[in-house]
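Encoded as structure tokens, the structure appears first; notes follow it.
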Amino acid sequence: MVFLLFGPPGSGKGTQSRMITNWLGIPAISTGDMLRAEIQAGSELGKAAQSIMANGGLVGDELVNQMLAHRIARPDCDSGFLLDGYPRTVEQAEFLDRLVVEQGLPNPVILHLDVPVDALVGRMTSRRQCPKCGRIYNLLHQPPNTAGVCDDDATPLVTRKDDQEEVVKDRLRTYEKLTRPVLSHYQDRKYYQIRGDRSPAYIFEEITGILEPLLGKNGCRRLKGTGPHGPGANPIN
Ligand code: B4P
């Protein structure tokens, strides 16, 4: 099964994608995380992406599409995968449509995390992330157990450069202009809108309620002994 996690910057895609993929045992593919890894590695792609991301823009469709196609061709995607933050433009959505047909993939299930813009700026400026394992925290309501370090591997947490208030505002403008139109592309597909202005545990519970009946009809494997409140759920509130 293929899932798309869609929503504005800071809507909680990364937070939910970790919970969903821990539950289902499929890979979460975050184009944002992949681009940040390219920047850290100093690759040509990373060099091209760095200033675009730091200014709140979107990296070019051609680069992101090729990166994505390469990633989903890996064997760990054979039993399904979740896309976090892709597609972000209508061109990317059309590219994905072609990939789905060419590779005989199931039609994606779209999960749209809908959060009012007012809530997003505060969320992103208080976000902290572990650069090693990617775990996401929030200083306001999901702080680490020990200030400044990751609970899982004790790595010092970082603030993303694109989480500064001015950049966040630019990212929200980019979302309205280039990414929101992607929603019309998917309206007549298997599309679920989820209120993302509730606690992560509550949202995850709604997502599992949506996915459970769909999973019965598909081959997507659920990890034994896990569920909405299993080891992957990491409920916050
Ligand atoms: P991403 O890495 O995708 O990140 P994001 O949209 O900022 O955040 P997300 O929605 O995952 O929120 P999170 O769970 O962290 O994109 C970064 C950049 O990469 C883009 O701006 C772009 O430049 C580039 N890029 C990525 N994909 C691209 C593509 N396809 N094409 C072109 N360019 C691309 O949550 C945010 C905060 O809220 C956290 O602190 C979290 O703890 C908190 N939070 C989460 N859920 C919450 C809840 N329910 N209630 C309260 N707080 C919550």
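Put the Cα centre of segment 1-51 next to the Cα centre of segment 142-193 and the gap is 10 Å.
Note on the chain: with neighbouring protein chains present and a 1.4 Å probe, carbon and sulfur make up 51 percent of its accessible heavy-atom surface. Shown for the chain: lysine pairs separated by 8 or more places, or found on different chains, whose C-alpha atoms are under 22 Å apart, numbering 12.
Per residue of the chain, what 222 nm ellipticity follows from adding -39500 (n - 2.57) for every DSSP H run with n ≥ 4, rounded to the nearest 500? Show your work: numbers first, answer last.
Details: 9 runs with 100 residues, N = 237.
Value at 222 nm, helices only, nearest 500: -13000 deg cm²/dmol.
Calculated on the alpha-carbon coordinates, the convex hull of the chain measures out at 124 cubic angstrom per residue. Beta bridges per DSSP, both residues in the chain: antiparallel share near 25 percent. Rounded to the nearest 20 debye, the dipole size of the chain about its Cα centre is 340 debye, using +1 on the Cβ of Lys and Arg and -1 on the Cβ of Asp and Glu.
In order along segment 83-88, phi translates into HN-Hα couplings of 9, 10, x, 9, x, 10 Hz, rounded to whole numbers, per the Karplus curve 6.51 cos²θ - 1.76 cosθ + 1.60 with θ = phi - 60° and x for Gly and Pro.
Assign one of three labels to segment 32-138, namely rounded, prolate or oblate, based on the Cα gyration tensor with a ≥ b ≥ c the square roots of its eigenvalues; rounded applies when a/c is under 1.5, prolate when it is not and a/b is larger than b/c, and oblate otherwise. Before the final figure, lay out the partial values.
Values: a/c = 1.63, a/b = 1.32, b/c = 1.24.
It comes out prolate by the Cα gyration axes.
Distant-in-sequence amide contacts of residue 149, defined by a placed amide H-H separation under 5 Å and a gap of 5 or more residues or a different chain, comprise 157.
For residue 110, the amide hydrogen comes within under 5 Å of the amide hydrogens of 4, 190, 191, 192, counting only partners 5 or more places away or on other chains and with H modelled in the peptide plane.
Amide H contacts for residue 160 (H built 1.01 Å from N in the peptide plane; partners 5 or more residues away or on another chain; cut-off under 5 Å): 129.
Over all pairs of different C-alpha atoms, segment 82-175 has a mean inverse distance whose reciprocal, the Kirkwood radius, equals 15.7 Å.
The values are calculated or read from the model by the stated rules, or taken from the named source; none is laboratory data. All of these numbers come straight from a predicted model, not from anything done at the bench. We place every Cβ from the backbone using ideal geometry, glycine too, and count neighbours over all the protein chains shown. Just the protein is used for accessible areas: all its heavy atoms, side chains included, with ligands, DNA and RNA removed. Shrake-Rupley method; radii C 1.70, N 1.55, O 1.52, S 1.80 Å.
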